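Worksheet: one structure, shown below.
The values are calculated or read from the model by the stated rules, or taken from the named source; none is laboratory data. Computed from a predicted model, the values in this text were never measured in an experiment. Ideal geometry is used to build each Cβ from the backbone, glycine not excepted, and the neighbour counts take in all protein chains shown.
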Amino acid sequence: MIKRSSLPLFYLATAIPSVPYLLLNYFMPSQFLYVPESGLAQTWPFLIAVLLTFMFVAGCTIIAADRNFLSVRLGILIVLPLLLTLMAYIRAVPTISSVTTAIVILAMWVMLFRYLRNSTILSVRFVVGFSIAFFLSAGIAHLWSPIEFSRFVGSYGILSMFIGICSILLLAAALRPRVGGALALSLIVLGLFNSRDHRIKQVSSERTATFFKDNLEKWVANRKDLNAYKAAKLPYPVILVSSEGGGIYAAAHAFQTLSQLASHCPTFTQHVLALVGVSGGSFGNALFTSNIEPVQHDYEACKPESNAVDTGALSADHLAPTLARFLWLETIDAIVPGQWLESDRASILVESMNSSAHDPKYLSGAVGSSWDPAGVRPALVAVATNMENGRRFVISPLVPQWSENTVEWWPDQATSDKDMTLMEAAGISARFPWITPTARVDLSDKEFRILADGGYFENSGAETVLDFVSEIKTIDANQSAREEAEKLNIKNENETDTEAYQNFGEEFEKLNEEIEVEADSDCRVYVASEFRKKVSWDGCSIHIYLIHLAIAGTSIDDDSEVQNRPASRSSFVFDPISTLLSTRTARGRLALERASSQLCGTRGGECVMNPKPAFAG
């Protein structure tokens, strides 16, 4: 017989499982609010969540009754998770169906409570054994069908099952405090010190990343609407997009913005050279690129109306598969010696995203061979952070040649055939611990990197766009320097050597050795500073106008509001995290400011805030 001294521990073990429900209901974050809203919209995820919560509440009630602990006060603590679950659904969508279900479920529990106070129908061992078996069965079903089964159960049901099994085990441990305490301590130690190797699955690639200078001319020359700009004597607009991080909302923001632009402007995607994404923005870029029809079109002016955007890839439940892998399987994997899980929750998120994409085959292709200068799809660029040195690690099929000292680009021109898929690259950019673990990427058989969310360095992606801009402008500057050298050389053939020419020649030779500019290119790339100024498309000369499209949550002009906001109270616990997140945002704003000043000059953001139509054909 269990001693009555175990009753306080039993009360504590009964109250602990209600804490997550209380926090979610109190703060009611918008991400959580979407879960009961979508669950009620589909009906069955709502019913599954409520029934699973009821099942574990009933199990706790049976354990309390078996040890003669059941009372009204304890019964309220036991049923609290069920009450909070019903409250969350009713608050999300106060419909008649949810209220009716709440009344029916509570009536069932009251009947069970009144019956069990005077009789016991099941033992503690049976309840614990059945709960563990039920939990393991759900984990096996998730292994068999990680996406569809998890979406069927729903995010709330997955959370309820995990909290439910924890509550059953806590109550069992409270009945045997010494045994339960020793077991809990052992599990905590195993979970903390049993390290896991989050190595991503890699694929082989026949082609490594390519340098800008080798493909910029080829990319522009292959634009099907290029002749329209030549006829109008205007430079060809080259768009570089940066998509800010920020979870699923950032993914939706990037996807919707790019899709709407493509819907309004039929040739928009032909002008986008690269899509740079950070964290959730990388997912949005990838899903948008998957939707692009891989066919170029002749010039067509933008139209005021747009077609409907299919948001099915984003509205699919990507949280449930990720949550199931984390709560159902990774918790077990953390305490079991060895590593038996091949895919962690971040890889499952990638798989879920890819399964909802319009063209999953394209996103399953290797990064190094994903970009074609003659194609319409832009280069997908994902920004991560090297955990060891804090520098950017950029996964891109296009590599600027002259930014190697500030950022590590991959895959590079190395002979290694190791590569990753486009969607996996987006997933690495969005690995934000503790939500998703850092990733191990093998660069070769002897070298690897541990990578985290790109937002740790800067969250906007503008810093990487500036690397591309600097690369293109360097190409222009180097060709200008060569032209000046050739002019001086021609002049020197008719005149004696001058000290000025000798000095310029020495400086140019030094520059030429450092950057290894190829001299056999007959074409000339000009970067225009003004779009409406007429240019001359002589021979194979190429005139381009650089545009940075920054997809961000707020304008850089909003920074004054942040500076004037009163400081919050100091917190010993949360100050380090708050500072990290504030720095993540501030560095993104700084990068956007730099991009604005470099591309817009003294006009600031005027070129973005007040766009004017260039020409209509």
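Counting only residues that are touching a Phe, Trp or Tyr at 6+ places or on another chain (Cβ under 9 Å) and either under 17 Å from residue 161 (Cβ atoms) or not in a helix (DSSP H, G or I) (or both), region 64-77 holds 3 of them. Does residue 295 fit the bill of being under 18 Å from residue 272 (Cα atoms) and surrounded by fewer than 23 Cβ atoms within 10 Å (Cβ to Cβ)? When the stated conditions are applied, residue 295 passes them. Of all residues in region 217-232, those satisfying the criterion of being within 17 Å of residue 525 (Cβ to Cβ) and part of a loop (DSSP other than H, G, I, E, B) are 222, 223. As a summary of the residue check, residue 221 satisfies the conditions (1) closer than 24 Å to residue 375 by Cα; (2) surrounded by 15 or more Cβ atoms within 10 Å (Cβ to Cβ); (3) among the aliphatic types (A, V, I, L, M) except for the one numbered (2). Of all residues in region 250-293, exactly one satisfies the criterion of being in contact with a Lys or Arg (Cβ under 6 Å, 6 or more places away or on another chain) and either not in a helix (DSSP H, G or I) or not assigned by TED's automatic domain parsing to the domain that holds residue 458 (or both), namely 292.
Restricting attention to region 136-186, the residues that are surrounded by fewer than 20 Cβ atoms within 10 Å (Cβ to Cβ) and in contact with a His (Cβ under 8 Å, 6 or more places away or on another chain) add up to 1.
Scanning region 276-330 for residues that are under 30 Å from residue 164 (Cβ atoms) and among the charged types (D, E, K, R) yields 317, 325, 330.
The condition of being more than 23 Å from the chain's Cα centre (by Cα), modelled with pLDDT under 65, within 29 Å of residue 390 (Cβ to Cβ) and of a type in the set (Gly, Ala, Ser) holds for only one of 597, 568, that being 568.
Sort out which residues of region 335-366 are in contact with a Lys or Arg (Cβ under 9 Å, 6 or more places away or on another chain) and crowded, with 16+ Cβ neighbours inside 10 Å, and write them in order of number. So that I can check it myself, show each step before the final result.
If we filter region 335-366 for residues that are in contact with a Lys or Arg (Cβ under 9 Å, 6 or more places away or on another chain), which is where we start, we get 339, 341-349, 352, 362, 366.
The answer is 341, 343, 344, 345, 346, 347, 348, 349, 352, 362, 366.
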